[in-house]
Amino acid sequence: MEKKRLCHSFFKRPWRKILVIMKLFFLLTCCFTLSLSANSLAQQERVSLKMKNVGVEKLFDEVQRQTKLYFLFNIEQVKQLGKISLDVNNETVESVLMSVFKNSDLTYVFNGNMIVVRPRDAQDDKEVKKIVITGKVSDAKKQPLPGVTVQMKGVAIGTATGHDGKYSLTIPNAPQKFTLVYSFVGMLTQEVVYAGKDTIDVVMKEDVKALEDVVVTGFMNIRNSSFTGNAVTVKKEDLLKVSKTNVIKALQTFDPSFRIKENNRWGSDPNALPEVYIRGESGLGVKQLDRDALSKSNLVDNPNLPTFIMDGFEVSVSKLYDMDPNRIESITILKDATATALYGSRAANGVVIITTIPPKAGKLNIDYSIVGDITFPDLTDYHLLNAKEKLEVERLAGCYDFDKNNDGYTDKYTLDKEYSNKLANVVKGVDTYWLAKPLQTVFNHSHSLYIDGGSESVRFGIELQYANQDGVMKGSLRDRMGAGVSLAYNYKTFLVKNTVTYQRVRTKESPYGNFAAFAKQLPYDTYKDEDGVYNPTMKYWGRGSDSRRVNPMYEPSLNNFNKGSSEEFINNLSVNWNIIDGLLLKGQLSLTKTIGNTKRFYDPLSQQSANLNILSLKNVNSGTLYLDNNDGFSVDMNATLSFNKALNGHMINALTGISVQEDKSKSNGATYIGFPSGTLSSPEYAKEMYQKTRFNESTKRLVGFLFSLNYSYKDIYLLDASVRMDGSSTFGSDQRFAPFWSFGLGVNLHKYNFIQSLGFVDQLKLRASYGQIGKANFPAYAARSTYDIATDEWYKTGLSTRLKALGNKNLTWETTNTFDIGAELSLFGDLLYVKGSYYDKRTIDLVNDVTVPTSTGFTSYRDNVGEVSNKGYEFDVRVSAYQTKDWSVIFNFNLAHNKNRIEKISESLRAYNERVQEMFSKQLAFNDPDKELQSQPFLQYVEGGSLNSIFGVRSQGINPADGQEVFVSRNGQLTKVWAASDQVALGTSEPKAQGTFGFNIVYKQFSLFTNFMYETGGQRYNQTLVDKVENVNVYTDNVDERVLTSRWTKPGDKAKYKSLVVGRNVVEQTKPTSRFVQDYNVLSWNSLELGYDLPSSITNKLNLSMLRFSFGMNDIWHLSSVKQERGTSYPFARTVTFSIKVSL
């Protein structure tokens, strides 16, 4: 009934139908008129030509250069025109073409700005056929590929696939035969010849060099060929060859400027998180004199730490340290201003982009891998004496010689008795190898499971991870457990992705404490009584030793513990809207919640100073519990609009957007004392709370407005430009916002005809960039005055407060001006690849603490204190020495050189230098813990120096006449007195060159990879020679085997070291001197992996996609020109690994 009324109404008003027809006719007429107008204008384009005996292709090229026209033609057909000669001035294109094609079998047709050349008898007076080709592009796993370029070969007609991998390409005036080119970053370019079928589906194969073809910046992906910045990209497969468990350590292999700061103290401690820097250090951080002696690393507000971005959002270095390497698709290290400027105030130290593996459509995929490793301590750099050797050294040093001129405290009988007792221990076999007591060989294992699948519109991924990491010191561990779910939904032009991950890390410190305490112990000592119970103290042998020398095995036998855990919940949401072809609106939101706690408990029987009430006859309440909790929540939001289009040889990739961050943190700590026993360590068993609970909270906000442009013309001339305006709550109101920018230019010389004609140059690219970027790695309230509330002091008016740190509203942003220039060269079909670059970074307005006298009412404030520069160069060489169907042999080598220089210092840094000199000038008792500091070099800040300088007093060596050291004062005079004011820079720990080299060999299903790390040209202060040779007390501590070599004994001796202290007298301490500064050259065999992939003929029968076995080793050996102990508080380790990876 309803239909009838509608139809009747329509025919009742026929004028409406007429109106619709008229509108359509008018629209078609306008289109036809515009088309004729466009063709007419094209025909009237004018050119000036002077050519003699050239091919018609040269004519077409010149017309295209002078006009906006372009030609569509068949090369074989136009060859029949032969050579032509022209001499015209300001002539129309139409008349030029008429003269060229006159009396030939070819003709031409104008179609807008395109001129189609075709046979004259094909369709002379008829409209040329228009072809519309549609299809879909996917990868080998049937996942749609958005953004694939589909182009007609030889002309600028093309399109790109949408989010669903589908495309539609209209070709006007199409010839009977032509070729379509499908190209996509990370995939092999494919060419398909049109054979009359208008639907063409293409399956693209992954390029073995896929990740070398695109640079992932976190905000946008840029073709490497058009990128003028400096970046290094590493694939997951390459990372796993170096290390199956430590991503950060593996990255050092692939970029010589990416380095983990040397930590000779904490060795292989699984809970010592690495400090990383790129292209040298530019920030001061925590100064040496203010450093916490127990701190394993300084990661909080570290001014040299790069920014880590995972899937578009910032993460901590600990997140990457604990991450499952199997979940990583690639890592890109961005190093110069062009590459990092989009991150503004977070960019100065470089940016590390981590891209995780997204879920793939198709059948259900299951990937599982297990890694097992055997880790054992590396003690090859320890050369201590056994019981017999140690007792003999004591005898030779006169420890048991009776001196009738002494104070009579020890007689000859007592000395002889002590020596006989020690000798009896040696004879009956007491030879305690103390280094082995706190150590163990451990077996660790990690498991990774990933499941993904789904349709083209809905995809999912599920990940599970477990990894245990026991350290080589007994009781130490770092265990990880994680899970995650990813969902991706495609609807028309929208793509929605959401990822939820959870990770829990459990840590525990070794109850054996500092490894250095074991290295000092006497090998003829026993550590248990007759009943097998650990003695609290070691045997007191006699005068000259500590009467209460602690037994390092006693504390581990108690119920002490130091453990912690952290949990992290992350939800990442992104929405992509392809508004039109080439225009993408993207929104991202990340929410991160962290919860952590640490517990330190000291048994009531513990003798450590951290036990606040040590058990005694007067104190029966002992035992201490420290509880610390932290809670963090961060919000990270990005909204960007990007434009990506190819227009007649112009490739434009532009982006604009806004970025907002907020980080909130809260922490509290409480201390409880008085516990009935070591097994009852919960707070409810404590007698009382020691002071009130401590609370702290902070909030940091950052907003950034950004714009970036990547442009190339014919893929030859390249340009990058970025600008970002950042605002941070860290600064005062007068300095809240700051601009950051970069500009880069480049040229692909291999695109020039004369280079292409050489035939052996695959790539020759030159690039240069300059920009200003910054960093704000310091506490949230550095620019604001901070007060402590004295909660224990109540007055009638309430609580009291006191000024803790003075704010500085004029504190300005720390910025780095960076210049970078480089080149890439590839020859003979990628047989040889060379990449080199030079950089110059200058960091100005360094931000650091300024310490002031406590009489001012506060201890420090933040200020801009100086300027630092880093200049250097990098080289990367790859040689594909042999390539066949079954064989692949590739050698690689890289090198980096950096020179760090302090350009300018403030008065506050000069004041710090005076504090260092005052510390050295103090007269301390021989048993004062701070006295050890006076034998170590301390960095001082001087213009022209380095952040890696080794300071001490210059020395002429040991005077043969009297065995005393001869120093050189600052004014060049010789003296026997060591003066703190005479200290100068004696060397630098920064090498002149560092890098890696190695090879990768593949034969059928077998693969062999290995690499070595080297460092040369720097210096080290050999603290082992100071502590275990010259300054050592041979009576109280074990010593290095070199203790008796090259010692001054009598006048005329030319010796390296002062005379050995005779008897049991206090050893005179040697303060920092050039005698112990040694050239440091090191070569280490970093990793080795042998792998085998089961042939497809077997895996197919097992219904498996892949099955791989591998065997590897890490930290195999270490050769150094400086013979010193490594891992003094926690030893280094070697690892043997095996792994199995299976895919269903």
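The values are calculated or read from the model by the stated rules, or taken from the named source; none is laboratory data. Bear in mind the structure is a predicted one, so any value in this text is a computation, not a measurement. Positions of Cβ are generated from backbone atoms using ideal geometry, with glycine treated the same way; all protein chains shown enter the neighbour counts.
Name the residue, out of ASP416, ASP401, ASP373, ASP367, that is of a type in the set (Asp, Glu) and assigned to a loop (DSSP other than H, G, I, E, B). Break it down into steps so the answer makes sense when it comes.
On the way: ASP416 fails: assigned to a loop (DSSP other than H, G, I, E, B); ASP373 fails: assigned to a loop (DSSP other than H, G, I, E, B); ASP367 fails: assigned to a loop (DSSP other than H, G, I, E, B).
None of the others qualify; the one that does is ASP401.
Return only the number of the condition from (1) under 25 Å from GLY744 (Cα atoms); (2) among the acidic types (Asp, Glu); (3) surrounded by fewer than 18 Cβ atoms within 10 Å (Cβ to Cβ) that GLU874 does not satisfy.
Of (1) under 25 Å from GLY744 (Cα atoms); (2) among the acidic types (Asp, Glu); (3) surrounded by fewer than 18 Cβ atoms within 10 Å (Cβ to Cβ), only one is false for GLU874: (3).
GLY544: over 30 Å from VAL496 (Cα atoms), crowded, with 19+ Cβ neighbours inside 10 Å and modelled with pLDDT under 95, yes or no?
Numbers: over 30 Å from VAL496 (Cα atoms): yes; crowded, with 19+ Cβ neighbours inside 10 Å: no; modelled with pLDDT under 95: yes.
For GLY544, the condition - over 30 Å from VAL496 (Cα atoms), crowded, with 19+ Cβ neighbours inside 10 Å and modelled with pLDDT under 95 - is not met.
Run down THR1045, THR1036, THR1049, THR1016 and say which single residue is polar (S, T, N, Q) and either under 30 Å from SER243 (Cβ atoms) or surrounded by 20 or more Cβ atoms within 10 Å (Cβ to Cβ) (or both). Reasoning before the result, please.
Details: THR1045 fails: either under 30 Å from SER243 (Cβ atoms) or surrounded by 20 or more Cβ atoms within 10 Å (Cβ to Cβ) (or both); THR1036 fails: either under 30 Å from SER243 (Cβ atoms) or surrounded by 20 or more Cβ atoms within 10 Å (Cβ to Cβ) (or both); THR1049 fails: either under 30 Å from SER243 (Cβ atoms) or surrounded by 20 or more Cβ atoms within 10 Å (Cβ to Cβ) (or both).
That would be THR1016, the only listed residue that is polar (S, T, N, Q) and either under 30 Å from SER243 (Cβ atoms) or surrounded by 20 or more Cβ atoms within 10 Å (Cβ to Cβ) (or both).
Could you list all residues from the stretch 241-270 that are assigned to a loop (DSSP other than H, G, I, E, B) and either over 16 Å from the mean Cα position of the chain (by Cα) or of a type in the set (Val, Ile, Thr) (or both)?
Pass one, the stretch 241-270, residues assigned to a loop (DSSP other than H, G, I, E, B): 243-246, 252-257, 261-270.
The answer is LYS244, THR245, THR253, ASN263, ASN264, ARG265, TRP266, GLY267, SER268, ASP269, PRO270.
Take the conditions closer than 20 Å to ALA467 by Cβ and touching a helix residue (DSSP H, G or I) at 6+ places or on another chain (Cβ under 7 Å) and apply them to SER1110. Does it pass? Reasoning before the result, please.
Details: closer than 20 Å to ALA467 by Cβ: yes; touching a helix residue (DSSP H, G or I) at 6+ places or on another chain (Cβ under 7 Å): no.
Taking the combined requirement at face value, the residue does not satisfy it.
Listed here are the residues, each with its yes/no results for (1) at pLDDT below 95; (2) part of a loop (DSSP other than H, G, I, E, B); (3) among the aliphatic types (A, V, I, L, M).
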{"position": "GLY587", "(1), (2), (3)": "no, no, no"}
{"position": "LYS593", "(1), (2), (3)": "no, no, no"}
{"position": "PHE601", "(1), (2), (3)": "no, no, no"}
{"position": "LEU627", "(1), (2), (3)": "no, no, yes"}
{"position": "SER634", "(1), (2), (3)": "no, no, no"}
{"position": "ALA639", "(1), (2), (3)": "no, no, yes"}
{"position": "LYS645", "(1), (2), (3)": "yes, no, no"}
{"position": "THR656", "(1), (2), (3)": "no, no, no"}
{"position": "THR671", "(1), (2), (3)": "no, no, no"}
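Restricting attention to the stretch 1130-1144, which residues are polar (S, T, N, Q) and at pLDDT 95 or above? So that I can check it myself, show each step before the final result.
Going residue by residue through the stretch 1130-1144, those that are polar (S, T, N, Q) are 1135, 1137, 1139, 1143.
THR1135, THR1137, SER1139 - these are the residues of the stretch 1130-1144 that are polar (S, T, N, Q) and at pLDDT 95 or above.
Among the numbered conditions (1) closer than 30 Å to LYS249 by Cβ; (2) modelled with pLDDT under 95; (3) aliphatic (A, V, I, L, M), tell me where ALA961 comes up short.
Status for ALA961: all satisfied but (1).
Which condition does TYR711 not pass, out of (1) in contact (Cβ under 8 Å) with a residue 40 or more places away in the chain; (2) over 27 Å from VAL215 (Cα atoms); (3) hydroxyl-bearing (Ser, Thr, Tyr), if it passes all the others?
(2)
Going through the stretch 83-115 one residue at a time, which ones are within 15 Å of GLN64 (Cβ to Cβ) and of a type in the set (Phe, Trp, Tyr)?
Matches in the stretch 83-115: TYR108, PHE110.
Looking only at the stretch 933-955, count how many residues are in contact (Cβ under 8 Å) with a residue 60 or more places away in the chain and within 22 Å of ARG265 (Cα to Cα). Outline the logic, then answer.
So in the stretch 933-955, the residues in contact (Cβ under 8 Å) with a residue 60 or more places away in the chain come out as 934-939, 941, 947-948, 950-955.
So of that shortlist, the ones also within 22 Å of ARG265 (Cα to Cα) come out as 934-939, 947-948, 950-952.
Final tally of qualifying residues: 11.
Check the stretch 985-992 and report whether any residue there is in contact with a helix residue (DSSP H, G or I) (Cβ under 9 Å, 6 or more places away or on another chain), in a loop (DSSP other than H, G, I, E, B) and surrounded by 19 or more Cβ atoms within 10 Å (Cβ to Cβ). Quick ask: steps written out before the conclusion?
Kept after step one, since they are in contact with a helix residue (DSSP H, G or I) (Cβ under 9 Å, 6 or more places away or on another chain), are these residues of the stretch 985-992: 986-987.
Narrowing the set further to residues that are in a loop (DSSP other than H, G, I, E, B) leaves none.
No: the stretch 985-992 contains no residue that is in contact with a helix residue (DSSP H, G or I) (Cβ under 9 Å, 6 or more places away or on another chain), in a loop (DSSP other than H, G, I, E, B) and surrounded by 19 or more Cβ atoms within 10 Å (Cβ to Cβ).
Find the strands (runs of 3 or more DSSP E) located wholly in the stretch 683-766 whose residues include 3 or more that are among the polar types (S, T, N, Q) and surrounded by 20 or more Cβ atoms within 10 Å (Cβ to Cβ), and list them. Show your work before the answer.
Values: elements: 694-713, 717-728, 737-748.
Those strands (runs of 3 or more DSSP E) span 694-713.
Quick one: in the stretch 547-591, which of the residues that are free of Cβ contacts under 8 Å to residues at least 60 places away in the same chain and among the polar types (S, T, N, Q) is surrounded by the fewest Cβ atoms within 10 Å (Cβ to Cβ)?
Here the residue is SER547.
Kindly provide the set of residues from the stretch 380-399 that are polar (S, T, N, Q) and surrounded by 15 or more Cβ atoms within 10 Å (Cβ to Cβ), ordered by number.
Pass one, the stretch 380-399, residues polar (S, T, N, Q): 380, 386.
Correct list: ASN386 only.
Working carefully through the options VAL203, VAL193, VAL181, VAL215, find the one that is touching a helix residue (DSSP H, G or I) at 6+ places or on another chain (Cβ under 6 Å) and modelled with pLDDT of 75 or more.
Numbers: VAL203 fails: touching a helix residue (DSSP H, G or I) at 6+ places or on another chain (Cβ under 6 Å); VAL193 fails: touching a helix residue (DSSP H, G or I) at 6+ places or on another chain (Cβ under 6 Å); VAL181 fails: touching a helix residue (DSSP H, G or I) at 6+ places or on another chain (Cβ under 6 Å).
VAL215 is the lone residue from the list that is touching a helix residue (DSSP H, G or I) at 6+ places or on another chain (Cβ under 6 Å) and modelled with pLDDT of 75 or more.
Search the stretch 277-299 for residues that are buried (at least 17 other Cβ atoms within 10 Å of the Cβ) and pair each with any residue that is aromatic (Phe, Trp, Tyr) and at pLDDT 85 or above when their beta-carbon atoms are under 6 Å apart and the residues are at least 6 apart or on different chains.
Every condition considered, the pairs that remain are ILE278/PHE258; LYS296/TRP266.
Here are some conditions: (1) crowded, with 16+ Cβ neighbours inside 10 Å; (2) among the hydrophobic types (A, V, I, L, M, F, W, C); (3) within 28 Å of THR1128 (Cα to Cα). ALA488 meets all but one. Which one does it not meet?
Here ALA488 clears every test but (3).
Looking only at residues in the stretch 231-276 that are without any contact (Cβ under 8 Å) to a residue 60 or more places away in the chain and acidic (Asp, Glu), which one is farthest from VAL877 (Cα to Cα)?
GLU275
Name the pairs whose Cβ atoms lie under 6 Å apart, with the first residue in the stretch 747-765 and over 18 Å from LEU718 (Cα atoms) and touching a residue at least 12 places away in the same chain (Cβ under 8 Å), the second in a loop (DSSP other than H, G, I, E, B) and not β-branched (Val, Ile, Thr), and 6 or more positions between them or separate chains?
PHE760/PHE828
Considering only residues that are surrounded by fewer than 16 Cβ atoms within 10 Å (Cβ to Cβ) and small (Gly, Ala, Ser), look in the stretch 670-682 and name the one that is farthest from the chain's Cα centre (by Cα). So that I can check it myself, show each step before the final result.
In the first step, residues of the stretch 670-682 are kept if they are surrounded by fewer than 16 Cβ atoms within 10 Å (Cβ to Cβ); the result is 676-677, 679-680, 682.
Now restrict to residues that are small (Gly, Ala, Ser): 677, 682.
On the way: SER677: 46, SER682: 40 Å.
Residue satisfying both the conditions and the ranking: SER677.
Conditions (1) assigned to a helix (DSSP H, G or I); (2) over 25 Å from ALA272 (Cα atoms); (3) outside the structural domain of ASP726 (by TED's automatic domain parsing), marked per residue:
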position	(1), (2), (3)
GLU314	no, no, yes
SER318	yes, no, yes
GLU329	no, yes, yes
THR332	no, no, yes
THR338	yes, yes, yes
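Would you point out the residue of the stretch 509-541, among those that are within 19 Å of LEU391 (Cα to Cα) and among the polar types (S, T, N, Q), that is surrounded by the most Cβ atoms within 10 Å (Cβ to Cβ)?
Taking the stretch 509-541 and keeping what is within 19 Å of LEU391 (Cα to Cα), we get 518-527, 538-541.
Then drop every residue that is not among the polar types (S, T, N, Q), which leaves 521, 526.
On the way: GLN521: 23, THR526: 13.
The extreme case among them is GLN521.
Are any residues in the stretch 355-366 touching a Ser or Thr at 6+ places or on another chain (Cβ under 8 Å), of a type in the set (A, V, I, L, M) and crowded, with 17+ Cβ neighbours inside 10 Å, and if so, which ones?
Selection gives ALA361 alone.
If you take just the strands (runs of 3 or more DSSP E) that sit entirely in the stretch 439-513, which of them hold at least 3 residues that are assigned by TED's automatic domain parsing to the domain that holds ASN572 and polar (S, T, N, Q)? Give the derivation first.
Numbers: elements: 442-454, 458-467, 477-491, 494-508.
Qualifying strands (runs of 3 or more DSSP E): 442-454, 494-508.
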